[in-house]
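The block underneath contains the structure these notes are about, expressed in structure tokens.
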Amino acid sequence: MKAVRVCVLRIEGTNCEDEAAQAFASVGASPEKVHLKQLLGQCPSDRRRELDSYDVLMLPGGFSAGDYVRAGAIFAARLKSGLRKELVAFVEAGRPVIGVCNGFQVLVELGLLPAMDGTMAEAPEAALYTNDSGRFECRPTLLRQERRGKGPFTAGIPHGSVVMCPSAHAEGKLMFPRGTRRRTLERLLENDQIVFRYVNPDGEYAGYPWCPNGSIYNIAGICNPAGNVLGMMPHPERVLRRETHPDWTRTPGREEGDGLPLFRSIVESVR
């Protein structure tokens with residue numbers, strides 16, 4: 001069976017690369033934690049890596065470059081200046097790209113999301129802003145899978161089902177430019193780009209604390225129009241096994257965590 005190679009890309013400040021690599025390894029992929037300098041050739045020749053040699057690109061969570069300027073902005077600027085051509089080719093080849101938390105912020109800053117008018121926008125078309133609470137929110141969050149179409153991320157998560165993924169962020173409020181806010185949201189819906197929305201335990205769209213950041217339309221995750229680039233704020237890599245759920249003692253007999261099907265879907269789509 002084909003070995004699915006996953007590039008878990010990191011720089012100074014990323015801190016979820018171990019969990020991300022473990023998530024892919026647990027579903028049979030071959031992840032490698034790669035520093036950006038290895039893709040840029042700013043390293044010894046034996047450490048050099050090529051983005052094209054991987055099947056999946058994962059941008060993990062953390063506080064890349066200290067989140068100075070804006071969350072994810074410096075990581076995105078370094079990617080865009082040194083790897084723009086390679087990133088566009090990777091996405092246009094249909095290979096999956098996933099960014100979680102800080103990785104979502106990087107994808108938005110890059111212009112790879114929402115990307116409704118091309119593979120990579122010249123300037124960010126959205127922002128992930130400070131939570132309405134004004135503080136870092138670390139809590140279990142419930143997400144409804146909203147996407148109707150097929151894609152590499154949700155084959156194992158039926159439309160309408162609710163999963164638990166913990167959130168841990170200070171800047172997760174998805175926003176669009178004021179003058180285009182309504183039309184942007186309409187286009188996201190038309191293009192089937194909304195993948196996850198925050199809900200309460202009854203499966204209803206609700207405000208704080210179930211939506212921990214005040215994100216427009218309770219959006220927790222979106223994809224590009226082609227469906228192969230996903231950004232989401234909550235952390236599926238932190239709920240691979242049931243004992244990492246807050247209610248695990250009340251749900252005996254279940255071993256698999258809610259985050260595992262997402263990573264399995266990615267790997268199986270590549271195969």
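No lab work stands behind these numbers, since they all come straight from the coordinates. Everything numeric here is computed off the predicted structure, so don't read it as measured data. Reconstructed Cβ throughout: ideal geometry from the backbone, glycine too, with neighbour counts over all protein chains shown.
Remarks
- Annotation note: of Thr184, Thr180, the sole residue that is over 20 Å from Thr154 (Cβ atoms) and without any contact (Cβ under 8 Å) to a residue 60 or more places away in the chain is Thr180.
- Selection count, the stretch 1-18, where residues are surrounded by fewer than 19 Cβ atoms within 10 Å (Cβ to Cβ) and either out of contact with any Leu (no Cβ under 9 Å at 6 or more places or on another chain) or over 19 Å from Ala73 (Cβ atoms) (or both): 8
- Unmet criterion (only one of (1) farther than 21 Å from Leu189 by Cβ; (2) in contact (Cβ under 8 Å) with a residue 60 or more places away in the chain) for Gly149: (1)
- Selection of the stretch 252-271 for residues being surrounded by fewer than 23 Cβ atoms within 10 Å (Cβ to Cβ) and among the aromatic types (Phe, Trp, Tyr) yields an empty set.
- For the stretch 155-183, residues that are farther than 12 Å from Gly221 by Cα and part of a loop (DSSP other than H, G, I, E, B) total 11.
- Qualifying residue in the stretch 61-73 (condition: touching a residue at least 60 places away in the same chain (Cβ under 8 Å) and acidic (Asp, Glu)): yes
- Options Leu107, Leu87, Leu143; residue that is free of Cβ contacts under 8 Å to residues at least 60 places away in the same chain and out of contact with any His (no Cβ under 8 Å at 6 or more places or on another chain): Leu87
- Qualifying residue in the stretch 172-191 (condition: buried (at least 19 other Cβ atoms within 10 Å of the Cβ) and either of a type in the set (Val, Ile, Thr) or in contact with a Lys or Arg (Cβ under 8 Å, 6 or more places away or on another chain) (or both)): no
- Among the residues of the stretch 25-37, just one is among the hydrophobic types (A, V, I, L, M, F, W, C) and in contact with a Phe, Trp or Tyr (Cβ under 6 Å, 6 or more places away or on another chain), namely Val27.
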